[in-house]
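A.B. asks: Below: one structure in structure tokens.
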Amino acid sequence: MRLVCSLTSDYDVIVAGAGVAGCMAAIEASKQGVRIGLFEEHPQVGVPSHCSGVVSLSGLKLLGMTSNQAFDQRLIRGARFFPPTGSPIEITRPEPVALIINRMKFDQYLAKNAINNGVELHTKSRITKFEKTSDQEIQVTIQNQGVVGAKVLIDASGAGSRLPTQAGLKPPDWSQILPGLQYELIGTDRQDDLVNLYFGSKRAPGFFAWSIPTGDHSVRAGLATSKGNVRTLLDQLVKERWPKSKIDATKSGSVLVSGPVDRCWSPGFIFAGDAAGQVKQTTGGGIVIGGYCGMLAGKAAASAVKNPRRADQFLETYDHEWREKFSSDLKKMGIGRRLFFGLSDATLDKLFPALEPLLGEITDVADMDFQGTVITKLLANRKLASLIPRIAADNIRSLFS
């Protein structure tokens with residue numbers, strides 16, 4: 001991978017962060033013939049990786065991509081959901097619906113594509129500050145390296161970014177980040193082609209645990225939680241489910257569940273991906289939504305550079321376009337999260353059997369990356385209406401616990 005080792009000149013567009021959103025933004029902007037600088041704070045793109053690595057095939061198609069040996073690990077037909085006690089339920093299809101990826105290799109694949117499109121990649125380059133110096137110019141400060149000029153800055157540097165505040169914009173509510181932990185396990189029992197999700201206060205209070213088959217005898221197991229010690233909870237799950245396995249790697253991270261920001265642009269600045277809260281509140285996943293928003297951001301930034309008199313109009317259009325595409329789904333996922341993750345174990349144990357008669361309908365519309373339709377169908381179902389008083393009571397109790 002060809003890297004640029006020093007700051008030699010200014011750029012038309014600077015992108016902060018070489019994750020999925022940042023790489024997609026850089027690739028899309030480069031297609032319009034403008035000069036792009038892609039700045040990644042870590043020494044290596046894709047490292048560290050904090051992602052579970054599940055992406056739907058429909059979502060991959062939306063990004064203009066298909067399965068590729070450069071980052072593939074396994075195809076998945078659906079998911080198995082475990083209540084606190086009792087039998088799990090399954091949502092599956094005969095054909096594959098999702099892909100398990102090696103997230104490090106996925107990001108590096110995108111970065112190579114960006115470089116092949118003329119993007120200049122700088123690693124070990126953390127953007128700490130920017131300021132607008134004129135109507136059409138900004139100055140971007142790179143930690144310990146100096147200042148470089150640009151016409152537009154795209155912030156795709158992830159959760160916790162401080163750049164939006166410098167632009168006078170409100171970032172996501174960073175207090176709504178859950179601690180997470182993930183193990184790469186080897187030597188497990190034989191794995192099938194389903195993702196497993198585990199719910200309940202003894203497994204992952206306020207969220208869920210997961211196990212993702214990465215091979216015939218290997219699993220990516222993890223969880224996030226709003227209460228308790230993540231390592232203790234994950235160790236308990238491993239002991240329960242895969243007692244003979246060995247931990248090959250450990251990855252800590254966080255899960256953002258706050259939802260998207262109110263505004264994603266100001267003159268000379270736009271932000272995308274986790275930095276803008278463009279993630280699924282039900283899972284914290286953002287590969288597809290963040291990647292597509294990155295594409296829209298890159299297109300808008302390049303158009304702003306090439307049409308300086310209408311620059312603000314193009315940046316504002318980005319904010320409208322991504323919301324038109326995803327806002328409805330994200331709002332429904334936010335409602336689903338607020339209702340579901342406050343439920344007691346007793347209510348969850350009643351809810352899962354109530355869902356079994358609906359599995360056929362759910363399977364017809366289920367999509368791992370676009371869950372709004374399923375959530376709408378569940379909320380409108382009369383068979384679940386009898387649980388509404390319990391759900392309401394559980395959510396009220398969760399506010400004070």
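A.B. asks: Answer yes if at least one residue in the stretch 88-101 is of a type in the set (S, T, N, Q) and in a loop (DSSP other than H, G, I, E, B), and no otherwise.
C.D. replies: No: the stretch 88-101 contains no residue that is of a type in the set (S, T, N, Q) and in a loop (DSSP other than H, G, I, E, B).
This table checks each residue for (1) touching a helix residue (DSSP H, G or I) at 6+ places or on another chain (Cβ under 7 Å); (2) surrounded by fewer than 19 Cβ atoms within 10 Å (Cβ to Cβ); (3) within 20 Å of Pro94 (Cβ to Cβ).
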| position | (1), (2), (3) |
| --- | --- |
| Gly37 | no, no, no |
| Glu41 | no, yes, no |
| Ser49 | yes, yes, no |
| Gly53 | yes, no, no |
| Gly64 | no, yes, no |
| Ala70 | yes, yes, no |
| Leu75 | no, yes, yes |
| Phe82 | no, no, no |
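A.B. asks: Give just the number: which of (1) touching a residue at least 60 places away in the same chain (Cβ under 8 Å); (2) in a loop (DSSP other than H, G, I, E, B); (3) in contact with a strand residue (DSSP E or B) (Cβ under 9 Å, 6 or more places away or on another chain) does Arg220 not satisfy?
C.D. replies: Evaluating Arg220 over (1) touching a residue at least 60 places away in the same chain (Cβ under 8 Å); (2) in a loop (DSSP other than H, G, I, E, B); (3) in contact with a strand residue (DSSP E or B) (Cβ under 9 Å, 6 or more places away or on another chain) leaves (2) as the failure.
A.B. asks: If I ask for residues that are surrounded by fewer than 17 Cβ atoms within 10 Å (Cβ to Cβ) and under 23 Å from Ser56 (Cβ atoms), which ones from the stretch 331-357 would you list?
C.D. replies: Lys331, Ile335, listed by residue number.
A.B. asks: Can I ask one more? Which members of the stretch 161-174 meet the condition of being over 17 Å from the mean Cα position of the chain (by Cα) and either loosely packed, with under 14 Cβ neighbours inside 10 Å or assigned to a loop (DSSP other than H, G, I, E, B) (or both)?
C.D. replies: Those that are over 17 Å from the mean Cα position of the chain (by Cα) and either loosely packed, with under 14 Cβ neighbours inside 10 Å or assigned to a loop (DSSP other than H, G, I, E, B) (or both): Arg162, Thr165, Ala167, Gly168, Leu169, Lys170.
A.B. asks: Sticking with this structure for a sec: Which is over 16 Å from the mean Cα position of the chain (by Cα), over 13 Å from Ala25 (Cβ atoms) and touching a residue at least 60 places away in the same chain (Cβ under 8 Å), of Lys299, Lys306?
C.D. replies: Criteria check complete, one pass: Lys306.
A.B. asks: Identify the residue in the stretch 245-297 that is assigned to a helix (DSSP H, G or I) and β-branched (Val, Ile, Thr) and, among all such residues, is surrounded by the fewest Cβ atoms within 10 Å (Cβ to Cβ).
C.D. replies: Val288
A.B. asks: Further question on the same structure: Taking the residues in the stretch 141-193 that are free of Cβ contacts under 8 Å to residues at least 40 places away in the same chain and basic (Lys, Arg) as candidates, determine which candidate is farthest from Ser218 (Cα to Cα).
C.D. replies: Arg162
A.B. asks: While we're here: Given Gly86, Gly146, Gly158, which one is on the phi > 0 side of the Ramachandran plot, buried (at least 20 other Cβ atoms within 10 Å of the Cβ) and modelled with pLDDT under 95?
C.D. replies: Gly158
A.B. asks: I'd like to verify a number: residues in the stretch 1-31 that are over 14 Å from Val140 (Cα atoms), modelled with pLDDT of 95 or more and either in contact with a Ser or Thr (Cβ under 8 Å, 6 or more places away or on another chain) or buried (at least 17 other Cβ atoms within 10 Å of the Cβ) (or both), how many?
C.D. replies: Of the residues in the stretch 1-31, 13 are over 14 Å from Val140 (Cα atoms), modelled with pLDDT of 95 or more and either in contact with a Ser or Thr (Cβ under 8 Å, 6 or more places away or on another chain) or buried (at least 17 other Cβ atoms within 10 Å of the Cβ) (or both).
A.B. asks: Residue check, Asn113 against (1) outside any loop (DSSP other than H, G, I, E, B); (2) loosely packed, with under 15 Cβ neighbours inside 10 Å, all met but one. Which one?
C.D. replies: For Asn113, the failing item is (2).
A.B. asks: Tell me yes or no: at least one residue of the stretch 139-153 is within 29 Å of Tyr109 (Cα to Cα), under 21 Å from the mean Cα position of the chain (by Cα) and in a loop (DSSP other than H, G, I, E, B).
C.D. replies: No, the stretch 139-153 contains no residue that is within 29 Å of Tyr109 (Cα to Cα), under 21 Å from the mean Cα position of the chain (by Cα) and in a loop (DSSP other than H, G, I, E, B).
A.B. asks: Output the number of the condition that Asp72 fails; it satisfies all remaining conditions of (1) touching a Leu at 6+ places or on another chain (Cβ under 7 Å); (2) within 30 Å of Val140 (Cα to Cα).
C.D. replies: Of the numbered conditions (1) touching a Leu at 6+ places or on another chain (Cβ under 7 Å); (2) within 30 Å of Val140 (Cα to Cα), the odd one out for Asp72 is (2).
A.B. asks: All but one of (1) in a strand (DSSP E or B); (2) in the same structural domain as Ala209 (by TED's automatic domain parsing) hold for Glu131; state the number of the condition that does not hold.
C.D. replies: With (1) in a strand (DSSP E or B); (2) in the same structural domain as Ala209 (by TED's automatic domain parsing) applied to Glu131, the lone miss is (2).
A.B. asks: Can Ile138 be described as under 18 Å from Gly298 (Cβ atoms), assigned by TED's automatic domain parsing to the domain that holds Thr165, touching a Ser or Thr at 6+ places or on another chain (Cβ under 9 Å) and in contact (Cβ under 8 Å) with a residue 24 or more places away in the chain?
C.D. replies: When the stated conditions are applied, Ile138 does not pass them.
The values are calculated or read from the model by the stated rules, or taken from the named source; none is laboratory data. The structure presented is a predicted model; accordingly, all values stated were derived computationally and were not measured. All Cβ positions, even for glycine, are placed from backbone atoms using ideal geometry, and neighbour counts span all protein chains on display.
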